[in-house]
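These notes concern the structure reproduced below.
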Amino acid sequence: MSTRTATEERAVVIGLEVHVQLETDTKIFCGCSTEPAPDEEPNTRTCPVCLGLPGALPVLNEGAVEAAVKIGKALEADIPERTTFHRKNYYYPDLPKNFQITQYDAPICADGELEVAVEDSRRTIGITRAHLEEDPGSLQHAGGSIDTADHTLVDYNRAGTPLVEIVTEPDFRSPAETRAFLAKLEEVLEYLGVFDATRDGSLRVDANVSLVPGEAVADDGSVPEDALAEANRTEVKNISSHKGAEKALAYEVTRQRNALRRGRAVDQETRHWDESRGITVSMRSKEAEKDYRYFREADLPPLEVSDWRESIPIPELPDARRERFRAEYGLDAESADKLTSRKAVADFYEDVADRFDPDLAATWVADNLLGELNYRDMAITDVADRLEEFARLIELVDAGELTTKNAEEVVLRGMLDDGDDPDTIVEREGLGTADTGEVEAAVADAIDDNPEAVADYHDGDEGAINFLVGQVMQRTGGSADPGEVNALLRERLDE
Amino acid sequence: MSDSPDERSEAAADAADTVDAAEAADATDVDVEDVDHVAGLARVDLEAAEREAFPEQFAEILEYFETLDEVPEFDREAELVNVMRPDEVREGLTQSEALRNAAETEDGYFRGPRVS
């Protein structure tokens, strides 16, 4: 029993390598566009540089460097005095040059951190480094699967797209922590305006996973290097989302645990996450580090941009904004969370909260708008050009010109389903709040038509007033305010 | 790829070893295993005769590099730094221009042998 327990008590150690596609207009070393045209043909966004034609010279995209500096700043990393590019040599047709331009021993960002909330605790994940590199092209294994295809089709439209690879310390102690980290990282990158999560393949993750004896973990949760070196680790590739990371790593941790429990060793190897089957599979071993024969890219002079850290501004980041929203607008934690996880939502909320009642604005943006968007599988970015229309809807409610019920059930839904603006819907459906004369007339009618309810009310039956309110609402087509109707009815009946 | 400092210093040490070996200028320092390894990295299949001939040829090539040691030192020109271009789209090649030198194409793609 005791030995069995000992072998089962193993701590999970995970480190991540996150490839992030930067939102620049052009590729990292040439002026080709990074924006795929709708239904574009292969090899229509290329030039001599990204095709690796002889004599073509790469020139670094300033926008990519700015984006990397912003990321470094947001991750509280250093931007070293001097940073350089290297060639990573490998022979595979996704890169036409037979090498990838990347960074090696002098990356643009070093030594950062990112704080993440995992359930109720906060964890600080160390960032070892972040470096710039070019994305390869895309391959199609034609006429079968990767193993059975008889030839390969190559498209270099994606080749040269700027990437930043962010490498973490082995600080994760569970798959759930990696998911929380990646979600937070996406949030931060989106705030910086350097990343578009909706773009296909914009986030790609490799994870190093090992299990160490539970007693090797120090009191502060850190794992000493010798314990890490002793445990065999696997590198899991092909993870493409934060949800995928949690699934892939949960699978891999269980696989390693089962192997150890059965007295087998974990092979040090690279494994491929097969999303559709929900398993990791062993990949044939590829080159070792030294086989990449890294050497300095002589066509790219060094960068000295450490002073950009000061000169390039970055926006307020999600954590800071969440705290400010709570303090400034008196929001509860949940609303502040919902309203700050996407920058577009936070910007919109702030705009309407400054113009109308902040509580009303919070309910409308966090609950009604996001709820209805979510129900339709839409995001705020899908209605980015219509935000003024939603602000107008909130204005109508705030000014009492539209009842909450009609605003929610008729106008908001109509806006999302039919694409109409709020004033058009209000007019078409006759939803404008009833004016005082109309309400008074309806109250008088309701009293005249329902002598029994009136008598019940005078006998002290409180239910009767609700019946009468209902009658008035019916007569005004739901456009009256129930509270006001109630007060007006009592006034008339008590006269 | 993660580049742990350990792996990096190891790679640097290996590189230094290679230089030392070349400096020894002993043709027998390149053996058939080295040739096979390099051929594997380059995805090249060698004929038996080539495997036998290449160690000596490799060693000869490495010897040429020693000549560089005899080049006298000179003052380097000031090194360029921060050469960048603005993030502005420039016209590239059309699909047919891009594919013009390709040995084989298919539906706008470069076509190559099966890879794994």
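For this structure, a couple of remarks:
- Computed 3J(HN,Hα) for segment A:228-234, one whole-Hz value per residue from the Karplus formula 6.51 cos²θ - 1.76 cosθ + 1.60 where θ = phi - 60°, is 5, 5, 6, 7, 6, 10, 10, glycine and proline marked x.
- For segment B:44-116, trypsin sites (Lys or Arg not before Pro) are listed when DSSP marks them as loop and at most 14 other Cβ atoms sit within 10 Å of their Cβ; the list is B:Arg76, B:Arg90, B:Arg100.
- Restriction of the GluC sites (Glu not before Pro) in segment A:76-180 to DSSP coil positions whose beta-carbon has at most 10 other beta-carbons within 10 angstrom yields A:Glu119.
- Residue-normalised accessible area of the protein assembly as shown, expressed per residue, 1.4 Å probe, Å²: 52 Å²
- With the simple model of a label 7 Å out from the Cα in the direction of the Cβ, A:Arg122 to A:Asp226 spans 3.5 nm.
- Site pair A:Asp111 and B:Leu41 shows an inter-label distance of 3.2 nm when each label is modelled 7 Å from Cα along Cα→Cβ.
- Rounded percent of accessible protein surface that carbon and sulfur make up, segment A:72-142, 1.4 Å probe: 41 percent
- In this structure, A:Arg490 and A:Asp461 have a Cβ-Cβ separation that, at R0 = 22 Å, corresponds to a calculated FRET efficiency of about 0.95.
- Placing unit charges on each Cβ (+1 for Lys and Arg, -1 for Asp and Glu) gives the protein assembly as shown a dipole about its Cα centre, and among A:Leu51, A:Ala379, A:Pro301 the Cα reaching farthest toward its positive end belongs to A:Leu51.
- Test item: A:84-95 mean partner chain Cβ contacts at 10 Å: 2
- If the segment from A:Val59 to A:Asp385 were pulled out straight at 0.36 nm per residue, it would be longer than the present Cα-Cα gap by 113.8 nm.
- Within 10 Å of each Cβ in A:21-27, the average number of Cβ atoms from other chains: 2
- Cα centroid of segment A:11-34 to Cα centroid of segment A:159-213, whole Å: 10 Å
- Here segment A:330-402 and segment A:262-281 have alpha carbon centers that stand 44 Å from each other.
- Computed from backbone phi, the HN-Hα couplings of segment A:86-99 come to 10, 9, 9, 8, 7, 9, 7, x, 6, 10, x, 8, 6, 8 Hz, rounded to whole numbers (Karplus: 6.51 cos²θ - 1.76 cosθ + 1.60, θ = phi - 60°; Gly and Pro given as x).
- Entries in A:Lys70/A:Lys243; A:Lys73/A:Lys290; A:Lys70/A:Lys343 that, when Cα-Cα distance is taken, lie over 21 Å: A:Lys70/A:Lys243; A:Lys73/A:Lys290
- For A:Met283, the accessible area of its heavy atoms, probed at 1.4 Å with every protein chain present, is near 60 square angstrom.
- Spin-label model, A:Glu215 to A:Asp354: label points 7 Å out along the Cα-to-beta-carbon direction sit 6.1 nm apart.
- Counting only Cβ charges, +1 for Lys and Arg and -1 for Asp and Glu, the dipole size of the protein assembly as shown around its Cα centre is about 1660 debye.
- Sparse-neighbourhood loop sites, GluC sites (Glu not before Pro) in segment A:247-338 - DSSP loop, at most 16 other Cβ within 10 angstrom: A:Glu275, A:Glu287, A:Glu304, A:Glu316
- When the charge dipole of the protein assembly as shown is built from unit charges on Cβ atoms (+1 for Lys and Arg, -1 for Asp and Glu) and taken about the Cα centre, the candidate among A:Gly160, A:Leu360, A:Asn258 whose Cα reaches farthest toward its positive end is A:Asn258.
- On Cα atoms only, tilt of A:482-494 relative to the major axis of chain A in degrees: 20 degrees
- Shielding by partners - mean other protein chain Cβ count within 10 Å, residues of A:382-389: 0
The values are calculated or read from the model by the stated rules, or taken from the named source; none is laboratory data. Since the model is a prediction, treat every value here as computed from it, not as a measurement. All Cβ positions, glycine included, derive from the backbone under ideal geometry; neighbour counts span all protein chains shown. Please note that ligands, DNA and RNA were not included when accessible areas were found on the heavy atoms of the full protein model with its side chains. Shrake-Rupley method; radii C 1.70, N 1.55, O 1.52, S 1.80 Å.
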